[in-house]
1. Being away from the ligand (no atom under 16 Å from the Cβ) and touching a strand residue (DSSP E or B) at 6+ places or on another chain (Cβ under 8 Å) is the filter here, so list the residues in region 349-367 that pass it.
2. Does any residue in region 290-302 that is without any contact (Cβ under 8 Å) to a residue 60 or more places away in the chain come within less than 6 Å, Cβ to Cβ, of a residue that is more than 11 Å from the ligand (Cβ to nearest atom) and open to solvent by 90 Å² or more (accessible area, probe 1.4 Å) six or more places away or on a different chain, and which pairs are these?
3. If V81 passes every condition in (1) open to solvent by 20 Å² or more (accessible area, probe 1.4 Å); (2) β-branched (V, I, T); (3) touching a strand residue (DSSP E or B) at 6+ places or on another chain (Cβ under 6 Å); (4) closer than 24 Å to N38 by Cβ but one, which one does it miss?
4. Tell me, please, whether a residue that is among the acidic types (D, E), outside any loop (DSSP other than H, G, I, E, B) and open to solvent by 60 Å² or more (accessible area, probe 1.4 Å) can be found in region 437-448.
5. Tell me yes or no: at least one residue of region 125-138 is in the same structural domain as V57 (by TED's automatic domain parsing), hydroxyl-bearing (S, T, Y) and in a strand (DSSP E or B).
6. With the condition kept exactly as written, say whether any residue in region 250-263 is more than 16 Å from the ligand (Cβ to nearest atom) and touching a helix residue (DSSP H, G or I) at 6+ places or on another chain (Cβ under 6 Å).
7. Report every pair of residues separated by at least 6 positions or lying on different chains whose Cβ atoms are under 8 Å apart, first residue within region 417-433 and under 12 Å from E304 (Cβ atoms) and open to solvent by 10 Å² or more (accessible area, probe 1.4 Å), second more than 10 Å from the ligand (Cβ to nearest atom) and not charged (D, E, K, R).
8. If I ask for residues that are hydrophobic (A, V, I, L, M, F, W, C), at pLDDT 85 or above and surrounded by fewer than 17 Cβ atoms within 10 Å (Cβ to Cβ), which ones from region 139-156 would you list?
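The values are calculated or read from the model by the stated rules, or taken from the named source; none is laboratory data. Note that the coordinates shown come from a computational prediction; the quantities given were computed from them, not determined experimentally. Here the Cβ positions follow ideal geometry from the backbone for every residue, glycine too, while neighbour counts run over all protein chains shown. Heads up: the accessible areas ignore ligands, DNA and RNA and are worked out on the full protein's heavy atoms, side chains in. Shrake-Rupley method; radii C 1.70, N 1.55, O 1.52, S 1.80 Å.
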Amino acid sequence: MTRKISSAAAVIFIMVFFTIMGITADAATTADVKLVINNEQVSADVMPYIQDGRTLVPARAVFEALGGKVTWDEINYIVTVEYDSTTVILKINDKTAEVNGENKTLDVPATINNSRTVIPARFVAEELGFLVGWDESTRTVTIKSPETPVVPEFKGYVTGISVEEGNSKTENTVVTVQLSEALKGTEDYSTTMLSSPDRFALDVKGFQLDSKISDLDYERKDSPLSTVRTGIYNENTVRVVCDLKEASNPSVNLSPDGKTLTITFPTLSTYFNPMEDGKLVVVLDAGHGEATAGKQSPGGLMKEYEFNRAVAAKMKTYLEAEGIEVLLTVNDDSDPSLADRCESANNSDADIFVSIHANAFGSGKDWTSANGWEIYHYQGSVLGNQLAKSITNANFPGLGILNRGIKTANFYVIKNTYMPAVLIEHGFFTNIDEVELLRSDEWRDKAARYNTQGIVNFLRSFN
Ligand SMILES: [Zn+2]
């Protein structure tokens, strides 16, 4: 029986009903209760209202909007709501409801209001599997259909996950997801940023996980990632989870052939805690070696490697006096490759990397006028820039030569070291006046003390 109660019958019914029961609709709190069904505000000729702390909603308007079936037995004053495999039967003004043949007790019975059957929202909705919410501040009743995940059709396998690590310089960290079949576009994957702890999830719909894929761990302290994990999120949906050291907003791109998804995490800028391991460690990199061709003043009075080592040795003494551990990339007069110098730093507990050099201009055979001190960091490195500023501020004006300033470059050792790195060019050994300073033990000592002060100021600023 699905007929609606007729208007005439309703009027008569209401008059009789309320006369007999001795109550009126005024007993209810009806002021401005809003109704939102599946995220859309719904208006009905009888709006929801609160009675005895329970929200009553018009049965037909609400449950038909949710896809249920509502029938009204006007002879017996019984309303039946069916959804999926559940049937809820309510009798007007009766606190006993029947759910799939089983009796349950209600706080507030179904009733008739303005010729519409109103029923207790939470009880009925929850028995039928809907989600019911009440927002006191906006006085809104929300009812939602249960989330029934649609199982995507099986398309293929996630065949590989790999990570190309950036570092605290400027390069991004890129997670690459390889697929056996092409995705059509953004409709085939979704992303979610989750917190506590911070993590980023990529769901690839229609895919299963190749058995040879395993989780990846990242111990490097400047990586934005701590782990990359994979799992089955739903049937035929693979979830790739990137555990993050700080909340991040990666970009996700699908390759033109549809078979590669990349997740690009921006440079880690705030994760720098040199005292995290309980010690401060500085790598000093004295440039070149005894046999490095060309690195000497015109006439050969000063070789650059010797200056670099002398300043590094003095800095080591001063830094250690400050309780800072010092590692040297070279302990003798040899010239390790730039890759070896970076590798020894990257395999250590180093917090920063400082490469020590003196400058040259021209052919090297003749004196030239170029002069002054300058410091380099890798372009885009926020921490490298801070370190360069701190060392510059400590050196000037005391160092007493021209300050050529802070510069950026792609020099191998400042690019390929994972930690904040700078390269200092202390002055020109191709300048006839400056080479005298570079050769002087007093000036070397001054430079070493200023460099040390700049490094200490930088490291201590993070404590
Ligand atoms: Zn050099």
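1. D349, A350, D351, I352
2. Matching pairs, first to second residue: none at all.
3. With (1) open to solvent by 20 Å² or more (accessible area, probe 1.4 Å); (2) β-branched (V, I, T); (3) touching a strand residue (DSSP E or B) at 6+ places or on another chain (Cβ under 6 Å); (4) closer than 24 Å to N38 by Cβ applied to V81, the lone miss is (1).
4. Yes, because at least one residue in region 437-448 is among the acidic types (D, E), outside any loop (DSSP other than H, G, I, E, B) and open to solvent by 60 Å² or more (accessible area, probe 1.4 Å).
5. no
6. Looking through region 250-263, none of the residues is more than 16 Å from the ligand (Cβ to nearest atom) and touching a helix residue (DSSP H, G or I) at 6+ places or on another chain (Cβ under 6 Å).
7. E425/W373; E425/I375; E425/Y376
8. F154 - this is the single residue of region 139-156 that is hydrophobic (A, V, I, L, M, F, W, C), at pLDDT 85 or above and surrounded by fewer than 17 Cβ atoms within 10 Å (Cβ to Cβ).
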